[in-house]
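The numbers here are math on the coordinates, done by the rules we state, and not lab data. Bear in mind the structure is a predicted one, so any value in this text is a computation, not a measurement. All Cβ positions, glycine included, derive from the backbone under ideal geometry; neighbour counts span all protein chains shown.
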Amino acid sequence: MTDIVAQVNDWVAGNREECIRFLQDFISIPSPSGEEGDAARFLAEKMNEFNYTTTCVDTLNDAMGTIKGTGGGRSLLLNGHIDHVPVGEMVDPYSGKIMDGDELGDHGEVIYGRAACDMKGAVAAMVLAGRAMNELGIRLKGDYMVTGVAFEEVGGAGTKSTINDSKFLADVVLIGEATNMQLALGHRGTMKFGVTVKGRACHASAPERGINALYKAMKMITKVKDELAPSTPVHPIYGKTSMTVTQITVSPEAFNVVPEECKFWIDCRNHPDFTAEDLDRHLNDIIDELKADDSEFDATVIRSPNFEEKTFSGYYTDPDENPVVGEAVEAITESYKEPNKGIWTFATDGRFYAPLGIPVIGFGPGEEEYAHTQRDHVRVQDYLDTIKVYAALACKICDVS
Ligand SMILES: [Zn+2]
């Protein structure tokens, strides 16, 4: 292993400029969710050029590439998304320019651009780790598989399609979402709950004739914020449940009408000790309380479409039950430094693999706090080190023949 790490180090050092240019080129291709075609084809063409055994792009614009192993080893699938959130007010979002990190609140040399951190840096490193192994003649026993998926930022249709339609699956999955070079073993689940509050419309010039649904909703929102959200249980692994109101609409939407209905949505990140049933019950308790001291209060709890009851959509790859976590720690330590083990604050596509019984580990360059911001960037050194880490993980998990 020491030998291989040294070889990959030399390869990255010798191809430093080319590795950087590869990420810059990738960032220069706009790929907001739903428009991933060019980025997917770019990846597939590159994997082809780098002598991957097979490459393809599916109808949703998920790019997939495999370096076939010699047999007898576990396969490793590296998953990263190629779509990104809107650029907003970012300056030169597709420049991929090299900057001094100080200008962005970071340090060292960085590559700037939309998706640098979330997460083209990681996807580029996945593709290049395969290239490095191919050029160095490192033959793995298990398959080395890379997928750059579409639609992650808007629900995960890309990864779902690679699993269900392409059966692009392996013995171990690595998600490259930003971990700041640490090891992530899971994350909380996500629940979307809504509340419809009823009132009675009337002319806004005489509001006393109606019941303003927006005012009634405010009472409930205040209780969710001040009473329910702070009181949720803390889990030893996942930490706290978070809950916040993110959207609100009224009907009719007219300047001069007291609204007869107000609907608001709650984004809740939960753990196994705080289920959909729990949240449902707490929201209904609040409604009962409000009804008890206001006879005009009328509200119903609703769920987002396709909400599966009691589903916990997070996951945790327990090191005590999954030896692959220990192996990953060894590989990362040998090729970089010993990582801390933790969980992501946000959700990832790892949630689609974990229920299939596949151990899912996470490692990526970039820091969570820069994702989706105008300061989107990745440190050059972290990006280059990630290529080494991915190659070392592949050698450890797939075994070298
Ligand atoms: Zn992401």
Item to check | ³J(HN,Hα) computed for each position of region 329-339 - Karplus, 6.51 cos²θ - 1.76 cosθ + 1.60, integer Hz, glycine/proline x | outcome: 4, 4, 5, 5, 5, 5, 9, 9, 8, 5, x
Checklist entry - Ranked highest first by average number of other Cβ atoms within 10 Å, how do 374-383, 281-290, 352-361 line up? => result 374-383, 352-361, 281-290
Next on the checklist: Shape verdict for region 82-166, please, from the Cα gyration tensor: rounded (a/c under 1.5), prolate (a/b greater than b/c) or oblate.
Outcome noted: oblate
Next on the checklist: Amide H of Lys240 versus every other amide H placed in the peptide plane: which residues, excluding those fewer than 5 positions away on the same chain, fall under 5 Å?
Outcome noted: His235
Item to check | GluC sites (Glu not before Pro) lying in DSSP loop within region 89-190, provided at most 12 other Cβ fall within 10 Å | outcome: Glu89
Checklist outcome for this item: Within region 284-348, DSSP-loop trypsin sites (Lys or Arg not before Pro) with at most 14 other C-beta atoms within 10 Å are Lys310, Lys337
Checklist outcome for this item: Quick calc, Arg21 & Met90: beta-carbon distance into FRET formula, R0 25 Å, rounding 0.05, result 0.75
Item to check | Ordering of 247-253, 343-349 by packing [mean C-beta count within 10 Å, highest first] | outcome: 343-349, 247-253
Checklist entry - Rounded to the nearest 0.05, what FRET efficiency is calculated for Asp171 and Asp38 with R0 set to 30 Å and r the Cβ-Cβ distance? => result 0.40
Checklist outcome for this item: By the Cα gyration tensor axes a ≥ b ≥ c (a/c under 1.5 gives rounded; else a/b larger than b/c gives prolate, otherwise oblate), the shape of region 243-317 is oblate
Next on the checklist: Loop only by DSSP, 12 or fewer other Cβ within 10 Å of the Cβ. Give me the chymotrypsin sites (Phe, Trp or Tyr not before Pro) in region 1-83 that pass, ordered by residue number.
Outcome noted: none
Item to check | Hz values of 3J(HN,Hα) by residue in region 90-99 - Karplus curve (6.51, -1.76, 1.60), Gly and Pro given as x | outcome: 4, 8, 6, x, 10, 6, x, 6, 7, 9
Next on the checklist: For region 230-370, what is the number of Lys pairs with C-alpha distance below 28 angstrom, counting only pairs 8 or more positions apart or on separate chains?
Outcome noted: 7
